[in-house]
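Worksheet for the structure shown next.
Laboratory data are not the source of any read-out in this text; all were calculated from the coordinates shown. Every value quoted in this text rests on a predicted model; they were computed, and no experiment measured them. All Cβ positions, even for glycine, are placed from backbone atoms using ideal geometry, and neighbour counts span all protein chains on display.
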């Protein structure tokens, strides 16, 4: 899959393509359905599929300070859509100038002039252009004017997830914020992953017999509610069972929220590596212990429960 940043990175001579546009944060089940439709349309026409996304999140530019929690890094997003069959991943820097672009100008400059769209596939709630004045109906009219077909997809709903929950990035952020990683997994189609670089911590875990990898995640990362989770530690191609702590370590009067993973049965130095933690089950909330002995006993129980839930 080709990966471009900015329209200037689109190769000279790029031909016709099928395009889908959106933030796609999380690449959740609704996104997956939409992307699959675009890929299918591309294959029917014998054309490559281009996915257009934005960085930073448009909300941060339109309403500074309102950046929503990020479900996926750009690199993770690109890897996920590549697995879905997308041929080119195009990141448009979302600037104040882009925010002021009128819908017709956006359609002409991005979809027609640079990507040569033969067809555009978007969600029914798709909005674009200055003050989000463009919608699917307008995009259809612009397509008739500029020569590309438009398909608006209905949003996927799971009637078994709380009386017809529509899968959206906002819904998934709410699940994660509440610590409901099971509901988030159902909507994503996979566990929510927290990424970052392993940095040196206080080294208390090693002293307690449970050495942890302290993961420094980028700003705006969607972190779950404080507590202990069972999950998998992703490093390279490996997925290793891990008990994960998210919170401020109240037993030690901590003030900074951290993400620490105790990787089961592996004694390696992960310092400096970019890793991920897939959060599969919430074990319990964060607790404060008055002594080390009950803390260590609880940590042992957490590790055993992690083994049980992850199958060994």
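Taking the Cβ-Cβ separation of residue 14 and residue 36 as r and a Förster radius of 22 Å, what is the calculated FRET efficiency to the nearest 0.05? Don't skip to the answer; put the middle values down first.
On the way: r = 23 Å, r/R0 = 1.03.
Step by step, r from the Cβ atoms, then E = 0.45.
Full extension from residue 200 to residue 286: what is 0.36 nm times the residue separation minus their Cα-Cα distance, to one decimal in nm? Taking 0.36 nm per residue and subtracting the Cα distance, the gain is 28.8 nm. Here the label points at residue 62 and residue 170, each 7 Å from Cα along the C-beta direction, are separated by 1.1 nm in the simple model.
Report the calculated FRET efficiency for residue 125 and residue 308 (r = Cβ-Cβ distance, R0 = 30 Å), to the nearest 0.05. Each step should come with its number before you reach the end.
On the way: r = 41 Å, r/R0 = 1.36.
According to the calculation, E is roughly 0.15.
Once you reduce the range 17-73 and the range 239-312 to the center of their Cα atoms, the two points are 33 Å from each other. As a proxy for reagent exposure, ranking 166, 133 by other Cβ atoms within 10 Å from fewest up yields 133, 166. Comparing 231, 42, 147 in a Gaussian network model of the chain, where Cα atoms under 10 Å apart are tied by springs, the biggest mean-square fluctuation is seen for 147. So what's the angle, to the nearest 10 degrees on a 0 to 90 scale, between helix 136-146 and the longest Cα principal axis of the chain? Orientation of helix 136-146: about 40 degrees from the principal axis. Normalising the average separation of contacting C-alpha pairs (under 8 angstrom, six or more residues apart) by the number of residues puts the relative contact order of the range 72-173 at 21 percent.
Can you work out the FRET efficiency for the pair residue 208 and residue 140, with r the C-beta to C-beta distance and R0 = 45 Å, to the nearest 0.05?
On the way: r = 61 Å, r/R0 = 1.36.
Taking R0 as 45 Å, the efficiency between residue 208 and residue 140 is 0.15.
Taking every C-alpha pair closer than 8 Å and separated by at least 6 residues, the mean separation divided by the residue count of the range 2-158 gives a relative contact order of 31 percent.
Between residue 83 and residue 132, what is 0.36 nm times their sequence separation minus the Cα-Cα distance? Round to one decimal in nm. Provide the component values of the computation, followed by the final result.
Working: separation 49, 0.36 × 49 = 17.64 nm, distance 3.00 nm.
Between residue 83 and residue 132, full extension yields an extra 14.6 nm.
Over the chain, Cα pairs under 8 Å with separation of 6+ residues give a relative contact order of 16 percent. Seen against the Cα atoms of the chain and their longest principal axis, helix 292-310 is set at about 50 degrees. Here the label points at residue 97 and residue 226, each 7 Å from Cα along the C-beta direction, are separated by 4.5 nm in the simple model.
How much length is gained if the chain between residue 268 and residue 108 is pulled fully straight, taking 0.36 nm per residue apart and subtracting their Cα-Cα distance, in nm to one decimal? List each step's numbers first, then the result.
Values: separation 160, 0.36 × 160 = 57.60 nm, distance 5.27 nm.
Once the chain is fully extended between residue 268 and residue 108, it gains 52.3 nm.
With respect to the chain, whose longest principal axis is taken over its alpha-carbon atoms, helix 29-45 is tilted by about 40°. Taking other C-beta atoms within 10 Å as the exposure proxy, 278, 265, 87 rank 265, 87, 278 from fewest upward.
Here each label is just a point 7 Å from Cα along the line to Cβ, and for residue 157 and residue 75 those points are 3.9 nm apart.
With the helix formula -39500 (n - 2.57) applied to DSSP H stretches of n ≥ 4, the chain reaches a computed 222 nm mean residue ellipticity of -8500 deg cm²/dmol.
Computed over the chain with a Gaussian network model linking Cα atoms closer than 10 Å, the most mobile of 40, 243, 78 is 40.
Under the classification rounded if a/c is under 1.5, otherwise prolate if a/b is larger than b/c and oblate if not, where does the range 192-310 fall, given a ≥ b ≥ c as square roots of the Cα gyration tensor eigenvalues? Note, shape of the range 192-310 comes out rounded.
How do 170, 212 line up, fewest other C-beta atoms within 10 Å first?
Working: 170 12, 212 24.
Result, fewest neighbours first: 170, 212.
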